[in-house]
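Single-structure report; data block below.
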Amino acid sequence: MAAPAVPERTSAVRIAMFNHKGGVGKTTLTTNVAFALARSGKRVLLVDSDPQCNLTSYLIEDAVVNDLLDRSDSDDGQTLWSAVKPIAESAGDVRIIAPIEVQSGLFLLPGDVRLAEFEQELHTLWGESFQRRPRGFRGTTALSKLVNAVTEQHQIDYVFYDSGPNIGALNRVILLDCDFYVIPAACDLFSVRAIKTLGHTLGTWIRDWDTISSLAPDESYLFPGRPRLLGFIPQRYRVYGGRLATEYAKFIPQIEKAIQADVVTIMLRLGPSLAPVRPDALRLGDVRDFGSAANASQRLGVALSDVESASQEQRADAARTFTSIANEIVSRSAEVVTT
């Protein structure tokens, strides 16, 4: 089924947990926040836009994942590659695929290793947009149009993109399609250094999209291109005696300072709505290191709070942690939308 020519953007809130540094726990965070939101009655769509397919492997049995990947190039394929293949091959517009309902109210658009090929094409499509070529706009906004159609068909409240650890062309169109983004950060020196380039990259993407939007032919489908920072989440730190271990605690003020200097400051220059003004509003939540329980959660495809091999204390802590973050996301995003 072909997408409508110029669809109206739905009200579903689109969010990315984004950090181009690897190993910060993006997929585990995204999945468990989505579980928490779905349990609160929200309808949630997960989009596995990382060619590594970690999110799909987290939630779907290996045999099903293999079958999806084996058939993704066919006419009845049901992965993200199946959807964008007509764009990549200059054979038509994005094809709308059906999401998999993982549990009640929680849906997944499966990833595909061949998204790496689409990412290569996105470089060309971005350049064609600067040249006002319709194919450039169709391709650049293809994922957004797919998500738009699926959120309308399934009455989705929240969309979470899972992204790879890079600042490539695929993450550029994902971030520019999002209403909000959250920065997960490991408590180490590498995370502090990575944040210094994140804000500058986002700033360049937003300015480029402003230019492209001004060049767009009439009746072009465009994404907003104004992602707002919701906050950051320190992750995977150790706790001793109920308190954050000193070796990790020392990095949190450094992360906060880097985000303020190298993300918030740059975003506020582009627009007062693109970042929280109050420094004390930056920290959105905390996720401790859940150790082997996190691996079991991924292996079993369940929320951390449902891992039977974890201790009762770990399950309760996971439930509190991700419910709190989910509630904070709902509260902050609603506050921005209504102001």
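I need a count of the residues in segment 316-330 that are free of Cβ contacts under 8 Å to residues at least 12 places away in the same chain and either under 20 Å from residue 187 (Cα atoms) or open to solvent by less than 70 Å² (accessible area, probe 1.4 Å) (or both). Total satisfying the criteria: 1.
Within segment 103-117, the set of residues being open to solvent by less than 10 Å² (accessible area, probe 1.4 Å) and small (Gly, Ala, Ser) comprises 105, 111. For segment 14-38, the tally of residues that are in a loop (DSSP other than H, G, I, E, B) and within 23 Å of residue 316 (Cβ to Cβ) stands at 1. Checked against the criterion of being in contact (Cβ under 8 Å) with a residue 24 or more places away in the chain and surrounded by 20 or more Cβ atoms within 10 Å (Cβ to Cβ), the candidates 100, 60 yield just one match: 60. Could you tell me whether any residue of segment 308-315 is open to solvent by 70 Å² or more (accessible area, probe 1.4 Å), over 22 Å from the mean Cα position of the chain (by Cα), of a type outside the set (D, E, K, R) and modelled with pLDDT of 90 or more? Looking through segment 308-315, at least one residue is open to solvent by 70 Å² or more (accessible area, probe 1.4 Å), over 22 Å from the mean Cα position of the chain (by Cα), of a type outside the set (D, E, K, R) and modelled with pLDDT of 90 or more.
Conditions (1) open to solvent by 10 Å² or more (accessible area, probe 1.4 Å); (2) modelled with pLDDT of 95 or more; (3) not in a helix (DSSP H, G or I), marked per residue:
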{"site": "144", "(1), (2), (3)": "no, yes, no"}
{"site": "161", "(1), (2), (3)": "no, yes, yes"}
{"site": "164", "(1), (2), (3)": "no, no, yes"}
{"site": "174", "(1), (2), (3)": "no, yes, no"}
{"site": "200", "(1), (2), (3)": "yes, no, no"}
{"site": "205", "(1), (2), (3)": "yes, yes, no"}
{"site": "208", "(1), (2), (3)": "yes, yes, no"}
{"site": "220", "(1), (2), (3)": "yes, no, yes"}
{"site": "231", "(1), (2), (3)": "no, no, yes"}
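Residues that are open to solvent by 10 Å² or more (accessible area, probe 1.4 Å) and either of a type in the set (Ser, Thr, Tyr) or in a helix (DSSP H, G or I) (or both) within segment 146-159 comprise 149, 152, 153, 158, listed in sequence order. In the set (1) among the hydrophobic types (A, V, I, L, M, F, W, C); (2) open to solvent by 40 Å² or more (accessible area, probe 1.4 Å); (3) part of a loop (DSSP other than H, G, I, E, B), the condition left unmet by residue 268 is number (3). Of all residues in segment 192-218, none that is under 17 Å from residue 166 (Cα atoms) has its Cβ atom under 6 Å from the Cβ atom of a residue that is crowded, with 19+ Cβ neighbours inside 10 Å and of a type in the set (Phe, Trp, Tyr), 6 or more apart or on another chain. When residue 335 is tested against (1) surrounded by 14 or more Cβ atoms within 10 Å (Cβ to Cβ); (2) closer than 28 Å to residue 180 by Cβ, only condition (1) is not met. Annotation: of all residues in segment 118-132 being open to solvent by 20 Å² or more (accessible area, probe 1.4 Å) and touching a Pro at 6+ places or on another chain (Cβ under 9 Å), the one that is farthest from residue 8 (Cα to Cα) is 119.
Scan segment 77-97 residue by residue and report those that are open to solvent by 40 Å² or more (accessible area, probe 1.4 Å) and modelled with pLDDT under 95. Of everything in segment 77-97, those that are open to solvent by 40 Å² or more (accessible area, probe 1.4 Å) and modelled with pLDDT under 95 turn out to be 89, 90, 91, 93.
The values are calculated or read from the model by the stated rules, or taken from the named source; none is laboratory data. In this text the structure is predicted, and so the values were computed from the model without any measurement. Please note: Cβ atoms are built from the backbone with ideal geometry, for glycine as well, and neighbour counts cover all protein chains shown. SASA here: full protein model, heavy atoms, side chains in, ligands and nucleic acids out. Shrake-Rupley method; radii C 1.70, N 1.55, O 1.52, S 1.80 Å.
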